[in-house]
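Q: Sharing a structure, written as structure tokens. Questions coming.
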Amino acid sequence: MLALVLATVCSTGFGLVVRRAQGRGSNLWLVGVANYIVACAFHLVRHVSQGGNLAVHPTTVALGAVVGVAYAASFAATLPTMRMRGVSISTAVARLSVVIPILVAVLCWGERPNGAQVGGSLLALTAMPFLGIQCGSGPVRIERRQVRWMVALFFLSGISSLGIRTFDEFGAASETSAFLATLFGTGGVVIACLLIWGVLHGKARALELGAVGEGCVLGLLNAGSNLALITALRQIPSVLVFPFQGAVSLVLSCLAARLLWGERISRLEAVGMSIAVVSVIFINLR
């Protein structure tokens, strides 16, 4: 049970650290680069320490690279979504994206969802419009720019989860850390390119010790979350692990954002969050 709690806490902490870095005005591209370097190094060392062969199967490397690009793109989409809508909404959108790997599993791998998963998927579609509504002192409205970023985050997070699911389906268990090291290493290269572009165009500082520190913390949370989740799955049935992590992480993110930064959600957004919690639980039931 400890591993499951650690996986949930680390997963929640990831979004909160990004939110803190945003609030401090840190160079978020530098935060991202440091994050991926630390996570990559962690899994590379773990792979070697477990006697893993450095001659990794080409499929593992190729899949890790593809998923790494998706991870980096998802990180890039998280930043504007979180800036405009806060931790609570961005976390909810990312959690709901689990619908995508389930849909692909049904269409391509012949899996048959149970009634709870079908209901959860329908609830996910119901929750999205509520999360996209912007409420203020004026009339209720939907900001198209915000919705575009939310949709992008939804699909990119879903593709990232699909990549992990694909490796679980076809990859070698002995190369899990090698796969994750390739994933995070590729993500680091992509984010580093965005950092360099920002520096050359005067939109980002090349070096900022505070951002590096935040990125290192983020990387440890990233690596720790993956390791703890794998450990939890070996100890507890997945039917308990995924609903717990998804729903509890979503609730914790919402509460922490309210306590730390005073983020408020409207009644309609609260309805969407509540639907999202139930949806995440149902979707992951097997």
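Q: Please work out if W149 is at pLDDT 90 or above, within 29 Å of A92 (Cβ to Cβ) and either in contact with a helix residue (DSSP H, G or I) (Cβ under 9 Å, 6 or more places away or on another chain) or buried (at least 22 other Cβ atoms within 10 Å of the Cβ) (or both). Show your work before the answer.
A: Numbers: at pLDDT 90 or above: yes; within 29 Å of A92 (Cβ to Cβ): yes; either in contact with a helix residue (DSSP H, G or I) (Cβ under 9 Å, 6 or more places away or on another chain) or buried (at least 22 other Cβ atoms within 10 Å of the Cβ) (or both): yes.
Yes, satisfied.
Q: Can you list residue pairs whose Cβ atoms sit under 7 Å apart, with the first residue in the range 166-179 being modelled with pLDDT of 85 or more and aromatic (F, W, Y) and the second being surrounded by 13 or more Cβ atoms within 10 Å (Cβ to Cβ) and not in a helix (DSSP H, G or I)? Count only pairs 6 or more apart in sequence or on different chains.
A: Qualifying pairs under 7 Å: F179/G171.
Q: Another question about this same structure. Considering only the range 42-49, I want to know if a residue exists there that is within 30 Å of G262 (Cβ to Cβ), touching a residue at least 24 places away in the same chain (Cβ under 8 Å) and among the aromatic types (F, W, Y). First the steps, then the outcome.
A: Filtering the range 42-49 down to residues within 30 Å of G262 (Cβ to Cβ) leaves none.
No; the residues of the range 42-49 include none that is within 30 Å of G262 (Cβ to Cβ), touching a residue at least 24 places away in the same chain (Cβ under 8 Å) and among the aromatic types (F, W, Y).
Q: Right, another one. Report yes if some residue within the range 34-55 is touching a Cys at 6+ places or on another chain (Cβ under 7 Å) and within 9 Å of F184 (Cβ to Cβ); otherwise report no. Outline the logic, then answer.
A: Step one: filter the range 34-55 for residues touching a Cys at 6+ places or on another chain (Cβ under 7 Å), giving 34, 38.
Restricting the remaining residues to those that are within 9 Å of F184 (Cβ to Cβ) gives 38.
Within the range 34-55 (the criterion being touching a Cys at 6+ places or on another chain (Cβ under 7 Å) and within 9 Å of F184 (Cβ to Cβ)), the answer is yes, since at least one residue qualifies.
Q: Which is modelled with pLDDT of 85 or more, of a type in the set (G, A, S), assigned to a helix (DSSP H, G or I) and over 30 Å from C108 (Cα atoms), of A223, A211?
A: Step by step, each of A223, A211 is checked, and only A211 is modelled with pLDDT of 85 or more, of a type in the set (G, A, S), assigned to a helix (DSSP H, G or I) and over 30 Å from C108 (Cα atoms).
Q: Separate question: Taking into account only those residues within the range 23-53 that are surrounded by fewer than 17 Cβ atoms within 10 Å (Cβ to Cβ) and not aliphatic (A, V, I, L, M), which is modelled with the highest pLDDT? Quick ask: steps written out before the conclusion?
A: Pass one, the range 23-53, residues surrounded by fewer than 17 Cβ atoms within 10 Å (Cβ to Cβ): 23-25, 41, 45, 48-51, 53.
Then keep just the ones that are not aliphatic (A, V, I, L, M); that gives 23-25, 49-51, 53.
Values: G23: 88, R24: 88, G25: 88, S49: 91, Q50: 85, G51: 84, N53: 77.
Per the criteria, the residue is S49.
Q: A further question follows. Within the range 233-286, can you find the residues that are among the polar types (S, T, N, Q), assigned to a loop (DSSP other than H, G, I, E, B) and either at pLDDT 80 or above or crowded, with 16+ Cβ neighbours inside 10 Å (or both)? Working first, answer last.
A: Step one: filter the range 233-286 for residues among the polar types (S, T, N, Q), giving 235, 238, 245, 249, 253, 266, 274, 279, 284.
Of the ones still in play, those that are also assigned to a loop (DSSP other than H, G, I, E, B) are 266, 284.
Of everything in the range 233-286, just one residue is among the polar types (S, T, N, Q), assigned to a loop (DSSP other than H, G, I, E, B) and either at pLDDT 80 or above or crowded, with 16+ Cβ neighbours inside 10 Å (or both), namely N284.
The values are calculated or read from the model by the stated rules, or taken from the named source; none is laboratory data. What you are looking at is a predicted structure, and each value in this text was computed from that prediction instead of being measured. Note: ideal-geometry Cβ built from the backbone for every residue, glycine included; neighbour counts use all protein chains shown.
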